[in-house]
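First comes the structure, then the notes that go with it.
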Amino acid sequence: MNNESLAIYVVAVLCLGAVLIMSKDRLDPRLRRVIALITVVMIALAFVFVIYDLLI
């Protein structure tokens, strides 16, 4: 796995999570739930990719 692309992915996902937290009051509740679930999955994948990269 390319370390540069992994770093870009991790930073982008964490920024997406921060933007979602900061703008949670302005979003429709149903849309907020869907975006939050997608963001949680993406953040979990980022941590899995980091651990995988450290082990290999």
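So which residues in the range 23-48 are of a type in the set (Lys, Arg) and in a helix (DSSP H, G or I)? So that I can check it myself, show each step before the final result.
So in the range 23-48, the residues of a type in the set (Lys, Arg) come out as 24, 26, 30, 32-33.
Arg30, Arg32, Arg33 - these are the residues of the range 23-48 that are of a type in the set (Lys, Arg) and in a helix (DSSP H, G or I).
Condition first: touching a residue at least 12 places away in the same chain (Cβ under 8 Å) and among the charged types (D, E, K, R). Can you find one or more residues in the range 36-56 that meet it?
Yes, some residue in the range 36-56 is touching a residue at least 12 places away in the same chain (Cβ under 8 Å) and among the charged types (D, E, K, R).
Could you list all residues from the range 4-21 that are open to solvent by 80 Å² or more (accessible area, probe 1.4 Å) and not acidic (Asp, Glu)?
Just the residues of the range 4-21 that are open to solvent by 80 Å² or more (accessible area, probe 1.4 Å), to begin with: 4, 8, 11, 14, 19, 21.
Scanning the range 4-21 gives Ile8, Val11, Leu14, Val19, Ile21.
So which residues in the range 22-56 are of a type in the set (D, E, K, R) and open to solvent by less than 60 Å² (accessible area, probe 1.4 Å), if there are any at all?
Initially, the range 22-56 is screened for residues of a type in the set (D, E, K, R), giving 24-26, 28, 30, 32-33, 53.
If the condition is that a residue be of a type in the set (D, E, K, R) and open to solvent by less than 60 Å² (accessible area, probe 1.4 Å), then Asp53 is the only one that fits.
The values are calculated or read from the model by the stated rules, or taken from the named source; none is laboratory data. All of these numbers come straight from a predicted model, not from anything done at the bench. Methodologically, a virtual Cβ is constructed for each residue, glycine included, from the backbone with ideal geometry; neighbour enumeration extends over all protein chains shown. To get the accessible areas, we keep the full protein, side chains included, count just its heavy atoms, and leave off ligands, DNA and RNA. Shrake-Rupley method; radii C 1.70, N 1.55, O 1.52, S 1.80 Å.
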